[in-house]
Structure formats: C-alpha cells, structure tokens
Number of protein chains: 2
Amino acid sequence: MKTIVICSGGLDSVSLAHMVAAERELLRLVSFDYGQRHRKELDFAAACARRLGVPHDLIDLRGIGAALTGSALTDDIDVPKTGVEEGIPVTYVPARNLVFLSLTLAWAEAIGAHDIFIGVNALDYSGYPDCRPDFIASFQETARLATRDGVEGRPFTIHAPLQHWGKARIASEAQRLGLDPAMSWSCYDPAEDGRACGLCDSCRLRQKGFEEAGLVDPTPYAALPDEA
Amino acid sequence: MKTIVICSGGLDSVSLAHMVAAERELLRLVSFDYGQRHRKELDFAAACARRLGVPHDLIDLRGIGAALTGSALTDDIDVPKTGVEEGIPVTYVPARNLVFLSLTLAWAEAIGAHDIFIGVNALDYSGYPDCRPDFIASFQETARLATRDGVEGRPFTIHAPLQHWGKARIASEAQRLGLDPAMSWSCYDPAEDGRACGLCDSCRLRQKGFEEAGLVDPTPYAALPDEA
C-alpha cells in the first residue's frame with residue numbers, strides 16, 4: 001500500500017500526513033508551488049516531511065502561464081476579510097485540485113503507488129467545488145480510465161478521509177497525534193511582518209476549529225475578527 | 001463559443017486545429033513540453049498557431065519531476081520499431097492526457113473559454129487508455145464537478161471529434177483543408193539527422209493513413225518498414 005499524501009502545509013493536510021504515516025507505508029509528500037501569495041505554507045509542508053522522514057516533492061508550476069490563476073490567491077485581487085459567505089469565493093483557483101490530483105496520479109503510476117491522500121474537507125471549508133465528495137469520486141473513476149494500471153485492474157484510490165470532518169475534530173486529532181498547531185499554516189494572506197492575517201476565510205475556519213475543540217490556537221494573528 | 005485546441009504538432013491535432021479554426025472562434029493553441037524525446041513536434045504546433053494567427057501557449061512541464069515519466073518517450077527506454085502490437089505499449093506516458101486536459105481546463109476557466117478540443121483517436125492509435133472515449137466522457141464529468149463554472153451551470157465541453165476517425169480519413173480531411181502533410185510531425189523517435197525514424201508506431205500509423213487514403217506522404221523517413 002504505497003501511499004502519497006498531497007500536503008499544502010495547512011492544518012488539514014499536515015494532520016492528514018501524520019495520520020497516514022502512523023498507519024501506512026508513506027512514500028512521500030507532494031506540494032505545489034503555483035505562485036500562491038501564501039507560499040509560506042510550503043515551508044510547513046517541507047517541515048512536515050522532515051518530521052516524518054519522507055521525501056518532499058515540491059512541484060514547481062510557476063512556469064505554466066495563466067493556468068492556476070484568476071484567483072485572489074494568485075492575482076492582484078483582495079482576499080476577503082469579512083467572514084465566510086455562501087457560494088464560491090474569489091479565492092477559488094480554477095480546477096486547482098484537479099490539476100494537483102492529475103499530476104500526483106501521473107507521478108504515482110510512474111513510481112508504483114496506488115493510494116493518494118488529499119486533505120480536502122467539505123464541512124468547514126470555503127465552498128470550493130473541487131473539495132466536494134462528488135468531485136473526488138468522479139476523479140477516482142476518471143483516474144481508473146486514464147491509466148494503464150487502472151484499465152489493467154490495479155486502480156488508484158483517492159482517499160479524502162477528512163471530507164466530513166469539522167475543523168474541531170481535525171484540531172483534536174492533531175493534538176492527539178502530538179502535533180503542535182504551530183506546525184501548520186492556514187492563512188491565505190500573510191501580513192507584511194509574516195503573521196497570519198487572522199481575518200481571511202482560512203484563518204477564521206482555523207480559529208473556529210480550535211475554539212470548538214476547546215483548544216488553544218497559538219498562532220500569532222495580525223488581527224482578530226472581533227477586533228476588526 | 002471561445003475555444004482552445006490542445007495541439008501536439010502531430011497530424012491529428014494539427015488537422016484538428018485547422019478544422020476548428022474554419023468553424024469557430026479559436027482563442028489559442030496549447031502545447032506541452034514534458035521532456036519528450038520528440039520535442040521537435042512542438043515546432044510544428046508553433047507553426048500551426050502562426051498559420052492560424054492565434055497565440056501558442058507552450059506550457060513548460062519540465063520542472064514537475066517524475067510526473068510524466070516512466071515511458072519510452074521520456075526515459076532511456078527503446079521506442080519499439082517492430083510494429084503496432086496489442087495492449088498498451090511502453091511509449092505510454094502515465095496519465096498524460098489527464099494532466100494536459102486538467103491544465104487546459106484550469107486555463108480555460110481563467111480566460112472564460114468553455115470548449116476544449118483534443119485530437120485523440122481510438123481507432124488507428126497506440127492503445128493508450130487516455131485516448132479512449134470512456135476516458136474523455138469521464139473527464140468531462142469530472143471537469144463539471146471540479147469547477148465553479150461547471151457547478152454554476154456553464155459546463156465545459158471536451159470535444160474529441162477525431163475519436164472514431166481512422167488515419168486515412170484524417171489525412172484526407174487535412175488535404176481537403178489545403179494542409180500540406182509536411183506541416184505536422186508524427187515520429188516518436190527522430191533520427192540523429194532529424195528525419196522521422198519511419199518505424200515507430202506513430203510513423204507506421206501515419207504511413208498507413210496516407211496509403212489507405214491514396215495520398216502521398218512526403219515525409220523523408222530514415223527507414224521504411226518493408227526495408228527493415
């Protein structure tokens with residue numbers, strides 16, 4: 001059960017990497033640099049791989065032109081700071097998880113791994129379409145049809161075990177695994193002094209998770225929602 | 001109907017680009033450099049875009065590590081020269097069309113295009129799983145679920161009109177469009193002097209197509225099957 005985990009460096013995927021490493025033959029962590037303004041998260045993914053003693057593959061997608069742009073995470077568009085709203089926010093990056101999963105699948109087939117984990121969740125999330133269970137299931141079927149291993153009866157499994165977990169449960173599980181919250185990075189729009197902004201959707205979901213779990217989030221935030 | 005065509009520079013996709021340009025608002029051609037040994041094909045894609053007067057986006061994937069490797073087209077593995085056989089050949093590149101389509105989809109959503117054309121065919125082909133109609137249909141459904149436009153009712157269409165065309169019909173259509181056969185490149189394994197090898201699956205399928213169509217293939221081949 002050779003396994004690859006896609007790890008952004010955020011709370012979800014860092015926790016997921018530790019969960020997987022405790023139970024499986026974790027081959028490597030994969031991260032993607034697509035010019036996101038919060039590239040800082042990638043340092044947390046690299047540190048996670050070092051802790052787990054596995055290689056970290058940072059795939060450089062900055063040369064792919066306008067693909068993976070058109071978002072507040074990549075372009076000169078303000079990251080919303082007023083709270084998580086209904087619908088798909090401007091931080092949505094077109095087809096991002098589809099691109100990440102496709103490249104990871106190509107890699108997996110080349111090295112003989114058949115289990116890919118991704119830390120999406122569809123409960124305390126930003127409303128991105130490519131985090132939903134329907135998408136993950138459809139991708140798995142497409143992956144079967146796209147690959148030699150798939151058509152020859154050695155299909156790939158796309159695991160998204162956090163799909164229906166709330167952030168509180170993820171924060172609790174991270175603590176149970178001995179994972180310091182400071183070992184992950186959630187903020188979409190770090191302040192100039194390097195601190196998490198405290199107000200973007202991702203900071204708010206993180207704060208809510210720790211609060212609901214009755215845990216302390218030690219992240220030094222540049223601002224907090226109730227001060228804003 | 002803003003349209004993007006994925007163009008490798010081969011007979012199929014160059015003919016397809018001309019077919020699409022004659023009927024639709026062709027926005028741009030997209031090609032991928034993944035370190036294929038027949039990178040020469042990319043010059044033919046670029047020339048096709050110039051003829052059609054549209055931008056050519058060459059997406060550089062050489063920085064993505066071991067993804068899109070594990071094939072005779074990318075690694076130090078001999079390209080077979082003895083004829084097209086049953087099954088999936090060693091020239092299969094893991095998940096290649098899935099990666100190409102995913103990146104093109106990301107690009108398409110960023111620029112507001114909803115029609116993507118790809119020149120796969122599943123008749124006179126090398127047996128790659130990601131050229132088959134099942135895969136294309138499944139990808140289109142995954143694309144709908146992966147994207148904002150898809151879930152909001154502006155889905156993407158993946159057009160593969162050559163799916164059930166034989167090479168002879170493609171060669172005939174290319175001629176009908178006034179397209180010189182020298183304007184496309186098929187060979188997987190060019191000889192050192194730059195000529196097409198004449199013996200790889202792709203050269204053989206091309207020769208068969210022109211022959212069955214009763215057309216002359218002016219390609220200068222380094223060798224021909226009946227001499228080998």
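The numbers here are math on the coordinates, done by the rules we state, and not lab data. If you're wondering where the values come from, they're calculated on a predicted model, not measured in any experiment. Here the Cβ is made from the backbone with ideal geometry for all residues, glycine too, and neighbour counts use every protein chain on show.
Listing for the model above:
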| item | result |
| --- | --- |
| Cβ neighbours within 10 Å from other chains - mean over A:27-34 | 1 |
| Fully extended contour minus Cα-Cα distance, from residue A:62 to residue A:75, at 0.36 nm per residue | 3.4 nm |
| Sorted by Cβ neighbour density within 10 Å, fewest at the top, the residues A:1, A:19 | A:1, A:19 |
| Share antiparallel - DSSP beta bridges, the range A:2-186, percent rounded to 5 | 0 percent |
| Cα gyration tensor shape of the range B:58-167, rounded if a/c is under 1.5, else prolate or oblate by comparing a/b with b/c | oblate |
| Other copies of residue A:77: label-to-label distances in nm, shortest first, labels 7 Å along the beta-carbon direction | 4.0 |
| Whole-angstrom gap from the range A:1-59 to the range B:93-109, using each part's C-alpha centre | 23 Å |
| For the range B:2-227: lysine pairs under 26 Å (alpha-carbon distance), excluding those fewer than 8 apart on one chain | 6 |
| Relative contact order of chain A, defined on C-alpha pairs under 8 angstrom at six or more residues apart (%) | 22 percent |
| Residue-averaged [θ]222 nm for the protein assembly as shown, counting only DSSP H segments that reach four residues, each worth -39500 (n - 2.57) | -11000 deg cm²/dmol |
| Theoretical FRET efficiency, 1/(1+(r/R0)^6), r = Cβ-Cβ of residue A:1 and residue A:224, R0 51 Å, to 0.05 | 0.75 |
| Cα convex hull of the range A:2-186 - mean projected area over all directions, nm² | 10.4 nm² |
| Cα long-axis angle, helix B:201-212 against chain B (0 to 90 degrees, to the nearest 10) | 80 degrees |
| Per-residue ³J(HN,Hα) for the range A:67-74, Karplus 6.51 cos²θ - 1.76 cosθ + 1.60, θ = phi - 60°, Hz, x for Gly and Pro | 5, 6, 10, x, 9, 5, 7, 10 |
| Inter-copy label distances at residue A:225 (7 Å, Cα→Cβ; nm, one decimal) | 6.7 |
| Neighbour-limited loop hits for GluC sites (Glu not before Pro), the range B:1-81 (at most 12 other Cβ within 10 Å; DSSP other than H, G, I, E, B) | B:23 |
| Inter-copy spacing of residue A:194 label points, which lie 7 Å from Cα along Cα→Cβ, given in nm from shortest upward | 5.4 |
| Averaged over A:89-99, number of beta-carbon atoms from partner chains that fall within 10 Å | 6 |
| Among beta bridges that DSSP assigns inside the protein assembly as shown, antiparallel share in %, nearest 5 | 0 percent |
